[in-house]
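The values are calculated or read from the model by the stated rules, or taken from the named source; none is laboratory data. Because the structure is a prediction, the values reported are computed rather than measured. No Cβ is skipped: glycine too gets one built from the backbone with ideal geometry, and neighbour counts run over all protein chains shown.
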Amino acid sequence: MRTDYCGAVDASFIGREVTLCGWVDRRRDHGGVIFIDLRDRDGVLQVVFDPDGKEDFQRADTVRSEYVLRVTGKVRARSPETVNPNMATGEVEVYGRELTILSRAETPPFQLDEHTAVGEDVRLKYRYLDLRRAEMQHHFRFRSKVTTAIRNYLDQQGFLDIETPILTRATPEGARDYLVPSRTHAGKFFALPQSPQLFKQLLMVAGFDRYYQIAKCFRDEDLRADRQPEFTQIDLEASFVSEEDVMAVTEGMIRQLFRDHQDVELGAFPRLTFAEAMAKYGSDKPDLRIPLQLVDVKDLMTEVEFKVFSGPARDPNGRVTALKLPGGNDKLTRKQIDDYTKFVSIYGAKGLAYIKVNDRDDLQNGLQSPIVKHLPTEVCAAILQRVEAESGDLIFFGADTGKVVSEALGALRCRLGEDLDLFTCDWAPLWVVDFPMFEQLDGSAGAWTPLHHPFTAPSCSAEALADAPGAALSRAYDMVLNGTELGGGSIRIHDPVMQQTVFQILGIDAAEQREKFGFLLDALKYGAPPHGGLAFGLDRLIMLMTGAGSIRDVMAFPKTQSAACVMTDAPGEVDAAVLRELHIRLRRKEESAG
């Protein structure tokens, strides 16, 4: 039906006859000559019709935006004064000879140009129109190239592309499962996989040695800019490997992707332990482009009379931390400081204390803050020395539980970096390692939950793990880029005794272990090799590489913040007869409310 794509036509085509198919991007009538910008997935090309074409000219006069056309004509050079340097095809145009209207279009609900600001709900309702925009076309062409490159890289590294089931059973991986009722097994449910975790481990037991999959995963959790109920994961696993082996292969893949598709040579991937990351940045996925760091001053505050500081300082679970903003006195107004105080309250902080260092050498009169009168001079001097303050600096403080302070000041650090453009580079990758095996559930002494998942190997023996679960470190590793977790992985448990020990610490008794994980425990008895892997979020990776503001801009048909599809009106109701087949009876709304 066509000979060429619009975006492929350039000066080398001059004099050639081409047949093009595409959508009308714009139509203009200039003094009896009609110009049509014809758009396909490769780009936009100007087509010209004049009255000599008679019937074709008359048809061109009737077309409107988003009509679908087939055009045949000769490529010619534009006159020098009409060359459009903003178009890849701006040096040429097609003199139209034949025009066929393949499909008519109603007026779109919004203009399909990159400068149009449209509400997200409207964009998602008419997603098929939104995807026609050049920006979106670029995102998905880029995504396709990256996934092809990933497959090629992993194939060269000896990984096999193997699919794992979508219908499986529920397993604890940190989020709610999407459940699928079984028609043939009354009262029982499949679960959509949160990841292929257990199946890829079983593939290692099966002897495939190296596996990968670009897999769909499902998690019924609250959504954010970088989360969706269904998402795509670059999943891989390998046998007879250490942490270093997995990290080397995956770091090499990311380096090659950025080199080949971004023309970026990523620098060093520094390594931070989980403890270091939380201490310095308040986050286990720190953005190292921002030079600001948290400095603990808890030990300096234990004896002060100011209970806002001394209370957390004396609490074993408390934290008192300073965040220095160099030159902050001139960068922030009082109103901005008040706005940042409201911002940290989102994370549970009860306030945001600060000290303006007007004169570093005058401890009596050179410090400006409502809290200075509550702090002895020697404490102020020690704080300034520890944070290496200079005249003109602004110091923020957080004092509360360790969790609240880390989250609040960690978020403030990133907010200041963004608001004040403190970034020192474009890309800052790193590895975070030495995660704790477990963390305590809030308000539940002795109740543990895995920091990653319960199949992560600890770096100690089963006996040591059972004796002190809170002190155990895991053999886990996360790759972080610009404050976003790109991927997380670990060496897995391949010993059934160790796996049972982890289950016991998590409160999963022998009967529940057998019922939920019997197949895994059985497999580990039959010669399971040491193995480990990592999973990348493909959507997050593409979001970062394209500079998109949300993963919804790099997913063809994403859900809204409420996990709904406004285009298809999903989720929807199901006929009562279908529910009976599935052995399901819905509760009335008033019943569920009661």
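Of the residues making up the range 95-142, those that are of a type in the set (S, T, N, Q), in contact with a Lys or Arg (Cβ under 9 Å, 6 or more places away or on another chain) and surrounded by fewer than 14 Cβ atoms within 10 Å (Cβ to Cβ) number 2.
With the range 515-594 as the region, which helices (runs of 4 or more DSSP H) entirely inside it contain at least 2 residues that are in contact with a helix residue (DSSP H, G or I) (Cβ under 8 Å, 6 or more places away or on another chain)?
On the way: elements: 538-546, 576-581, 589-593.
Counting at least 2 such residues, we get 538-546.
Here GLU55 qualifies as touching a Leu at 6+ places or on another chain (Cβ under 9 Å), surrounded by fewer than 18 Cβ atoms within 10 Å (Cβ to Cβ) and not basic (Lys, Arg).
Within the range 81-94, one or more residues are among the polar types (S, T, N, Q), farther than 29 Å from ILE542 by Cα and touching a Gly at 6+ places or on another chain (Cβ under 7 Å). Tallying residues that are more than 17 Å from the chain's Cα centre (by Cα) and touching a residue at least 24 places away in the same chain (Cβ under 8 Å) within the range 478-504 yields 14. Once the range 195-241 is narrowed to residues that are part of a loop (DSSP other than H, G, I, E, B) and polar (S, T, N, Q), the residue that is farthest from GLY158 (Cα to Cα) is GLN228.
Only one of the numbered conditions (1) crowded, with 19+ Cβ neighbours inside 10 Å; (2) among the acidic types (Asp, Glu); (3) assigned to a helix (DSSP H, G or I) is violated by GLU463, and that is (1).
For the subset of the range 1-21 comprising residues that are under 19 Å from ARG78 (Cβ atoms) and in a strand (DSSP E or B), which member is farthest from the chain's Cα centre (by Cα)? Only one residue fits best here, namely GLU17.
Those residues that are of a type in the set (Val, Ile, Thr) and within 25 Å of the chain's Cα centre (by Cα), I need them from the range 337-355; list them, please.
First, pick out the residues of the range 337-355 that are of a type in the set (Val, Ile, Thr): 337, 341, 344, 346, 355.
If the condition is that a residue be of a type in the set (Val, Ile, Thr) and within 25 Å of the chain's Cα centre (by Cα), then VAL344, ILE346 are the ones that fit.
In the range 429-457, of all residues being polar (S, T, N, Q) and at pLDDT below 90, the one that is farthest from the chain's Cα centre (by Cα) corresponds to SER444. Of everything listed in (1) under 32 Å from the mean Cα position of the chain (by Cα); (2) buried (at least 17 other Cβ atoms within 10 Å of the Cβ), the single unmet condition for ALA528 is (1).
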